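> I'd like to ask some things about the structure below.
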Amino acid sequence: MYPEDFRYTKEHEWVSVAGAVGTIGITDHAQHELGDIVYVDLPKVGATISQGGTVGSVESVKAVSDIYSPVSGEVVEINSALADTPEKLNENPHGDAWLVKVKLSAPDEIKSLMSAEDYRKYIGE
Amino acid sequence: MIKKTRPHITQNEPLLFEISSPGKKGYQLPELDVPAVDATKALGAGNVREQIEGFPEVSEVEVIRHYTRLSTWNYAIDLGLYPLGSCTMKYNPRINETVARTEGLAWAHPYQPEELSQGAMEITAVLEDMLAEITGMDAVTLQPAAGAHGEMTGIFLMRALLQSQGNPRKTLLIPDSAHGTNPATATMAGYAVQNIKSNDRGFVDLDVLAKYVTEDVAGLMITNPSTIGVFEENITKITDLLHSKGALVYMDGANMNALVGMARPGDFGIDVMHLNLHKTFSTPHGGGGPGAGPVAVKKALEPFLPTPRLRRSQENRWSWDYDRPQTIGRVRAFYGNFGVLVRALAYIMAHGGDGLRRATMDAVLNANYLRKLLEPYFDLPYNAPSMHECVFSDTRQVKQGARTGDMAKRLIDYGFHPYTVSFPLIVPGALMIEPTETEGKRELDLFADALISIAKEIEDDVEHVLKAPHLTRTSRVDETAAARKPIVRWKPSAEA
Amino acid sequence: MRYLPKSESERREMLDVLGLDSIEDLFSHLPEETKLNRPLNIAPGKSEYEIVEYFRARGNENAMNYASFLGAGVYNHYRPVMVDTIVSRGEFLTSYTPYQAEISQGTLTTIFEFQTMMCQLTGMDVANASMYDGSSAVPEAAMMAVRVTGRNRVLVSRTVHPEYREVLRTYAQHQGMPVADFGYVDGTGAVDLADLEAQISAGDVAAVVIQTPNFFGMVEDVKTAADLAHKHGALLVVAFTEAVSLGLLAPPREADIVAGELQSFAISPSYGGPYAGIIATKEKYIRQLPGRIVGETKDTHGNRAFCLTLATREQHIRREKATSNICTNQALIALMATVFMSVYGKEGLRELAEQNLAKAHYLSEDMDLRFRGPFFNEFVIRTEPEALNAELLKHNIIGGLPLGRFYPELEGCMLVCATEMAKRAHLDQFKKCADAVGQPAMAAARNEGARA
């Protein structure tokens, strides 16, 4: 369920690093807790984000959750398909429903994040 | 078993736009007694519109049938108990509707000469005095249009007083049980919000609070009785603590129905508060408004009240005073929701001082009676004495697979409007029940029976509850689809 | 107390269930120092008859049986009987906000129709389910523009209702949202685009706020103002106070946000409220709209149904990050407006607007108009306002609004409004009184003009 090559936050985001770019999303656990997701608010390309800072939010009918960035850097791409199909976040949160891609400014930050195994323990699975 | 209802037929009805047909009319204007004016000449061709695309074209008969049919799709206090916690859905006396339509009042223009507005100004002044007496405060403004508007006014007043003392400060403390309007208001007033955790009995924890009360704190926004319907046992200690640091205490008056005639916020240290006339003073909710949110203050805050203020001359004539150098300014045009004020005054007059107290006593009796009947079947997470409402949790039912929202939907089949669902946030899966004083024993018994019956249904056949309501003309609606692809206006089908 | 549906024996039964002697016992836990140990100083309860008498007496102390030429944000229009007939139905009057969609389809459907009609009238894509009134809709619209643009300055025309501008300033004062006025052209009473351009060029403007017809009754050039605002990256907010004008005037399509007051649609003047405000906007800004919104969806049987939607914008979910703290709206008042629009409909609203136009233009003939340009049912004259109003009162006519109170430079000017309710006899009487009082300012201006 939780890919071994991802790193995870206590706020239920994941990051997958390839070279200098990290892809950020929310975990399956998070989408499950939120219920049917109806809207995703993402930053603009070019925005600078920092680890632990807000990078956007996801909404269900009756709740809003901020998304906290697992890493610092500059947003280089956003998943604009989610604007029309927010339900993808419920269906495939670790895959094509990624949220943003970030050019990492401090690649070492990921060391502070949880491994898949730690995350599974953290959420009690 | 369902005792209160039996299904009956309701009429289908399309949208007004779908029954429109060119040339149908529901109006007739008097013959024009002055020469007609060519609009394109008077206004310029570019300023004149084409016909209003899609606008209704229906006859008078269709208008009355349309809205009458739609009205039958609503639940209402006139049909029965409406136990929404924090909303105080009580009977709306019809005399109030009649007097609000008194010709000299309903047709009074806000700019007509003061000499020809003395009756309206007198009503305003009398209501201000009565609300000051009821709250134990020194002055009242009737300008705010609703509770949240009153909150904004009240917090602006606090800020203005602190500013006049040299420092507006930075933070407002808000208990985690508060209404969402409180933190939203704090933001509009330029304050940061510090949430205060309630203790395990549902009260504001004095020790926790003490840690947060610093010279940076402008004040505390407190709801008393709190949203779990309990009277803050340490309220005077709380207000003393804030005052000792030069901070102020704002009270959200949403739950004033528990206090009128029994206790006064002004007497337990509150500096500024709002009232919801559409709750405590029974002006009709009307499907979401209008309301009125008067703000009552202690003397120190009075110079900052919104303009204009009423002034009485030596000859006993009223005038509006606009010359208030320390005012926070207007919070709306004119003087407030006067028509709502008229209704509230009529309500107070009908009760009198003693009647208001009796109403409070019955409101608290009703809530405690329901609590007693329901306690064996539902979890009561906070067992401090209840005032005007009681709050249960769905923890027992969740184990069987049904949540508070499911039970609420099933209550509809039993002929009741649901209680407030999932609020306050400090209660997991809250069922927040406020019966108000205008319910008789029979209606309360039926309601308790219904909820108890639902609790049993959950044990026997949870699926039936999860799919409720079964007997309404509209079954559960897909709110997710509505939010994902918002359709917020009708369009002709060709266009859609 | 006649609103308390319990006998003493029923109270006794309930107390027995609770194991209590008296209802007072339920208050015994209140700390002693918080209890009110005396009766409220409010007179004993009154009968219906006495209450009716009281309010009738107060009504009689107000103006009764006067014709009126007051407008200035509150208009004297006929209220079709149908309006009160429908809003008096308990199912509309005594229901709460329609959170429980299954038993609130009546209210939800009417709001959906209301939102639709607001879009049709204003030329916008989406509208909310109402605001408190026009004066609070304007600052909410400005705050919305701040959220959309990420900028914070607001420029507001001096031709916007002066009390609306005061409310805007009150709202703005603690939100880091500086508000500045821009002027009007002396001859036309319309916005001074040169002044607007000068101020907007300084940058960081989120919203430009104008009103049409403006406070002086003059029809503004929305398109030019919109072009100017957009050129500088600001949104244009168009306010309106006279909704009937929308029956005839081109809708402000070029605006980004329309914020208005619906009092003209069968809402009694009622000494200033309750009224209903509205904010309408472009589809792309819907998530920045404050207030409640109703959307269409389906129920589990596939039938069309309506529900409150996009609630995550609102305070009960987003708390300190909400788009506004607004909670209560004006549903019942909006329903009055909806019924009004249904009764008049496409042809009726236009005909009504045309009658207003005709009455006001008839009245304006031979008057010394302060401003030259297109106007709808209000205009400004030069006169001696106090003397004219005193003269009119002798004929049971309430005159117009002296403008000196709001505009020192317009001392000696009066704002006059004529709606479909103004009878020809009253219009003629007004002209006669205006002549009798004379218009010294006009004479002076003419002399000045002759010299120039």
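> Sorting check: for A:48-54, C:18-24, C:244-250, which peptide has the highest mean count of neighbouring beta carbons within 10 Å, and how do the rest follow?
So the peptides A:48-54, C:18-24, C:244-250, ranked by packing, come out C:244-250, A:48-54, C:18-24.
> How are the alpha carbon pair distances in region B:1-119 distributed across 5 Å bins from zero to the largest one, expressed in percent?
Spelled out per bin, shortest first, that is 2, 7, 9, 8, 11, 13, 15, 14, 9, 5, 4, 2, 1, 0, 0.
> Same structure, new question: What is the spin-label model distance, in nm, from A:Glu125 to C:Ala387 if the labels are put 7 Å beyond Cα along the C-beta direction?
Rounded to a tenth, the inter-label distance reads 8.7 nm.
> Per residue and in cubic angstrom, what volume does the convex hull of the Cα atoms of region C:326-369 have?
So the per-residue Cα hull volume is 111 Å³.
> Could you list C:Tyr49, A:Tyr2, C:Tyr275 in order of exposure, starting from the residue whose Cβ has the fewest other Cβ atoms within 10 Å?
Starting with the residue having the fewest Cβ neighbours, the order is C:Tyr49, A:Tyr2, C:Tyr275.
> What does the helix-only formula give at 222 nm for chain C: each DSSP H stretch with n ≥ 4 adding -39500 (n - 2.57), the total divided by the residues, and the result rounded to the nearest 500 deg cm²/dmol?
-12000 deg cm²/dmol
> Another one. Using DSSP to define loop residues, name the trypsin sites (Lys or Arg not before Pro) in region C:254-351 whose beta-carbon has at most 16 other beta-carbon atoms within 10 Å.
C:Lys282
> Something else now. For chain B, with equal point scatterers placed on the C-alpha atoms only and solvent neglected, what are the log10 I(q)/I(0) values from the Debye formula at q = 0.11 1/Å, to two decimals?
-1.06
> Using alpha carbons only, how many degrees (0 to 90, rounded to 10) separate the axis of helix C:48-61 from the longest principal axis of chain C?
Helix C:48-61 sits roughly 20 degrees off the main axis of chain C.
> Hey, another quick one. Measuring from centroid to centroid over Cα atoms, what is the spacing of region B:122-189 and region A:23-73 in Å?
With region B:122-189 and region A:23-73 each reduced to a Cα centre, they are spaced 35 Å.
> Could I ask something else about it? Using a 10 Å cut-off around each Cβ of peptide B:141-147, what is the average number of partner chain Cβ atoms that fall inside?
4
> Okay, next question. For region B:1-114, what does the relative contact order come out to in percent, with C-alpha contacts under 8 Å and a separation of six or more?
Value for region B:1-114: 28 percent.
> A further question on this structure: Of B:Ala254, B:Thr436, C:Ala422, whose Cα points farthest to the positive end of the dipole of the protein assembly as shown (charges on the beta-carbon: +1 Lys, Arg; -1 Asp, Glu; origin at the Cα centre)?
Highest projection toward the positive end goes to C:Ala422.
> When only C-alpha pairs under 8 Å and at least 6 residues apart count, what is the relative contact order of chain B, in percent?
19 percent
> Per-residue HN-Hα couplings for region B:8-16, Karplus 6.51 cos²θ - 1.76 cosθ + 1.60 at θ = phi - 60°, whole Hz, x for Gly and Pro?
Working through the residues one at a time gives 9, 6, 10, 7, 6, 7, x, 5, 4 Hz.
> Using the Kirkwood radius built from alpha carbon pairs, what does the Stokes-Einstein equation give as D for region B:20-70 at 20 °C and 1.002 mPa s, in µm² per second?
Estimated diffusion coefficient is 155 µm²/s.
> With a Cα-only, solvent-free Debye model of chain C, what are the log10 I(q)/I(0) values at q = 0.07, 0.13, 0.14 Å⁻¹?
These q points yield log10 I(q)/I(0) values of -0.44, -1.20, -1.32.
> Pull up the cross-link candidates among the lysines for C:Lys346, meaning alpha carbon to alpha carbon under 30 Å and not fewer than 8 places away within one chain.
Result set, ordered by chain and number: B:Lys24, B:Lys25, B:Lys41, B:Lys485, B:Lys491, C:Lys223, C:Lys282, C:Lys284, C:Lys298, C:Lys359, C:Lys423.
> Continuing with this model, one more query. Evaluated at 37 °C with a viscosity of 0.692 mPa s, what Stokes-Einstein diffusion coefficient in µm²/s does the protein assembly as shown have when Rh comes from the Kirkwood expression over alpha-carbon pairs?
Result for D is 108 µm²/s.
> Another one. Please report Rg (one decimal) and Dmax (integer) in Å for the Cα set of region B:280-415.
For region B:280-415, the Cα radius of gyration and maximum Cα-Cα distance read 22.2, 71 Å.
> Oh, and also: Measuring from label point to label point, each 7 Å out along Cα→Cβ, what is the B:Leu32 to B:Gln163 span in nm?
In this crude spin-label approximation the distance works out to 5.0 nm.
> So, in Å, what gap is there between the alpha-carbon centers of region B:417-496 and region C:261-316?
The distance from the Cα centre of region B:417-496 to that of region C:261-316 comes to 21 Å.
> Can you pull out the chymotrypsin sites (Phe, Trp or Tyr not before Pro) in region B:1-94 that DSSP calls coil and that have at most 14 other Cβ atoms within 10 Å?
none
> What order do you get for C:Asp221, C:Asp186 when you list them from fewest to most C-beta neighbours inside 10 Å?
The most exposed by this proxy come first: C:Asp186, C:Asp221.
> Using a 10 Å cut-off on Cβ to Cβ distances, tally the other chain neighbours for every residue of B:397-408 and report the average as a whole number.
So the per-residue partner count for this stretch is 0.
> Run the quick spin-label model on A:Ala81 and B:Asp445: label points 7 Å from Cα toward the beta carbon, then report their separation in nm to one decimal.
6.2 nm
> Same structure again: In debye, nearest 20, what is the charge dipole magnitude of chain B about its Cα centre with +1 on Lys and Arg Cβ and -1 on Asp and Glu Cβ, if you could check?
440 debye
> Per residue of C:162-173, what is the mean number of Cβ atoms on other protein chains within 10 angstrom of that residue's Cβ?
Across C:162-173, the average partner-chain Cβ count within 10 Å equals 5.
> Also, quick follow-up: Per residue of chain B, what 222 nm ellipticity follows from adding -39500 (n - 2.57) for every DSSP H run with n ≥ 4, rounded to the nearest 500?
-10500 deg cm²/dmol
> Provide, as a two-decimal number, the C-alpha radius of gyration of region B:118-158 over 2.2 N^0.38 Å, N being how many residues it has.
1.24
> Going Cα to Cα from C:Lys6, which lysines come in below 24 Å? Please leave out same-chain ones fewer than 8 positions away.
Partners found: B:Lys3, B:Lys4, B:Lys90, B:Lys279, B:Lys372, B:Lys441, C:Lys46.
> Separate question: Suppose we keep just the alpha-carbon trace of region C:168-302; what are its Rg and Dmax in angstrom?
17.0, 63
> Sticking with this one: Output the antiparallel fraction of DSSP beta bridges having both residues in chain B, as a percent to the nearest 5.
55 percent
> Could you state the number of Å between the C-alpha centres of region C:1-37 and region B:224-294?
Here the two parts' Cα centres lie 21 Å apart.
> Taking R0 as 25 Å, what FRET efficiency do you get between B:Asp354 and C:Glu10 from their Cβ-Cβ distance, rounded to the nearest 0.05?
Once rounded, the FRET efficiency stands at 0.80.
> Hey, another quick one. Once you keep just the Cα pairs under 8 angstrom separated by 6 or more residues, what percentage relative contact order results for chain C?
19 percent
Taken together, the values in this text are just the output of simple stated rules run on the coordinates, not laboratory data. For clarity, every value in this text was computed on a predicted model and none was experimentally measured. As a convention, Cβ positions derive from the backbone with ideal geometry for all residues, glycine included, and neighbour counts pool all protein chains shown.
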